[in-house]
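Read through the structure below, which is laid out as structure tokens, and then see the notes.
Computed from the coordinates by the stated procedures, all read-outs in this text should not be read as laboratory data. Worth saying up front: this structure is predicted, and the values here are computed from it rather than measured. Using ideal geometry, Cβ is built from the backbone for each residue, glycine included, and neighbour counts are taken over all protein chains shown.
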Amino acid sequence: MGLLDYKFDQGRVIITRVDDVLNWARLSSIWPIGFGLACCAIEMMATMASGHDLDRFGVFPRPSPRQSDLMLVAGTVTFKMAERVKRLYEQMPEPRYVLSMGSCSNCGGPYWEYGYHVLKGVDRVIPVDVYVPGCPPRPEALIGGILKLQEKIRNESLLNPAALV
Amino acid sequence: MLHEIKSLLIDKFGSEVIQSENPSGLQPWLAIKVDFIEKVCHELHDNPKTFFDFLSCLSGVDNGPQQNTLEVIYNLCSIPHKTQLTLKVIVPRQTEDGSLPSVPSVCSVWGTANWHEREAYDMIGINFINHPDLRRILCPQDWEGYPLRKDYKTQEFYHGIKVEY
Ligand code: SF4
């Protein structure tokens with residue numbers, strides 16, 4: 001903290017844009033709703049555990065959609081689950097983001113042809129911001145996806161939002 | 001062993017109880033006439049000589065439109081006698097009035113049969129008579145068709161979501 005102390009300790013001011021401060025706060029504490037749907041969830045858990053430590057990016061799973069900024073769809077979305085996923089998404093406060101992790105939730109994955117019960121891509125029920133390919137993606141890839149999302153948030157303007165298309 | 005059980009059943013229920021048999025192979029089996037299956041299972045369970053106290057598995061099989069039959073396979077096991085037995089029931093694929101082919105439930109003999117029969121109902125479309133709770137167990141309740149039938153075609157939409165890739 002040496003540099004910051006030196007800069008701010010005598011009541012000095014910094015000048016920045018409100019958007020930049022808000023975005024910096026938001027992208028540094030992306031809280032995902034903690035749920036996993038299949039094998040990809042194991043890799044997600046590994047990413048959050050001490051080895052890869054997603055917490056250093058401020059990513060910390062929450063047990064309720066009401067407290068979450070991000071929905072990490074980690075695994076196979078069946079039709080039976082799809083409606084629950086959609087409802088959870090609707091319960092999240094805005095601004096909210098969706099990261100689709102793994103081939104299954106990107107496009108149906110290994111079930112794309114004969115998996116009568118698998119939704120062929122979670123983007124058929126909720127809008128997806130970041131797709132992470134892999135079956136399953138390695139933790140590094142998931143971290144890469146989170147960084148992409150941070151990039152997206154960094155370039156947004158909450159005060160002057162682009163129209164949803 | 002198979003021979004003894006066969007004569008025991010014929011003594012008790014008459015010769016028409018056995019529809020066919022296969023004494024060789026890894027799992028020698030007796031095909032029981034469909035109307036007798038519940039009584040036969042009760043007998044094999046209650047008789048101290050056989051005492052099949054455990055239903056290891058119950059599966060539904062579709063033999064396809066060519067053979068035009070469905071099967072239910074019962075894998076029995078007697079824990080004290082250390083013996084195993086495979087029973088089958090073979091029913092036609094189609095009934096005259098278009099309803100599902102029916103097989104008496106063996107839930108009253110082994111509680112294990114409850115979920116196995118629900119699975120066979122869900123996947124193959126076999127109606128188990130006198131089952132206490134015959135609902136789909138894997139697919140959503142309003143799913144159309146029986147996915148493990150050889151001539152199964154997926155529905156086009158489920159709750160407005162396209163099913164195919
Ligand atoms: S993408 Fe692969 S690893 Fe991930 S849930 Fe699907 S099958 Fe499992």
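FRET efficiency for residue B:49 and residue A:45, Cβ-Cβ distance as r, R0 = 51 Å, nearest 0.05?
On the way: r = 52 Å, r/R0 = 1.02.
The value I calculate is 0.45.
Counting only trypsin sites (Lys or Arg not before Pro) that sit in a DSSP loop (anything but H, G, I, E, B) with at most 13 other Cβ atoms within 10 Å, what is the longest stretch of chain A containing none of them? Counting only loop sites that pass the neighbour cut-off, the longest clear stretch is A:18-165.
The aspartates and glutamates within cross-link reach of residue A:80, meaning a Cα-to-Cα straight distance under 12 Å and a gap of 8 or more places when in the same chain, are B:142. For region B:2-162, the relative contact order is 17 percent, taking Cα pairs closer than 8 Å that sit 6 or more residues apart in sequence and dividing their mean separation by the residue count. Which angle between 0 and 90 degrees, to the nearest 10, do you get for helix B:37-46 versus the longest principal axis of chain B when only C-alpha atoms count? Taking the Cα atoms of chain B, the angle to B:37-46 is about 50 degrees. With respect to chain B, whose longest principal axis is taken over its alpha-carbon atoms, helix B:2-13 is tilted by about 90°.
Once the Cα atoms are used to define both axes, helix A:39-48 deviates from the longest principal axis of chain A by about 20 degrees.
Applying 1/(1 + (r/R0)^6) with r as the Cβ-Cβ distance of residue B:24 and residue B:136 and R0 = 35 angstrom yields a FRET efficiency of 0.45.
With a Förster radius of 45 Å applied to the C-beta separation of residue A:113 and residue A:55, the computed FRET efficiency comes to 0.70.
So which GluC sites (Glu not before Pro) in region A:86-165 pass both tests, a DSSP loop state and at most 15 other Cβ atoms within 10 Å of the Cβ?
Taking region A:86-165 and a limit of 15 other Cβ atoms within 10 Å, the loop GluC sites (Glu not before Pro) found are A:113.
Per-residue mean of foreign Cβ neighbours for B:157-163 is 5 (Cβ atoms of other chains, 10 Å radius). By the rule of a C-alpha distance below 27 Å, with chain neighbours fewer than 8 residues away ignored, the lysines paired with residue B:82 are B:6, B:12, B:33, B:39, B:49.
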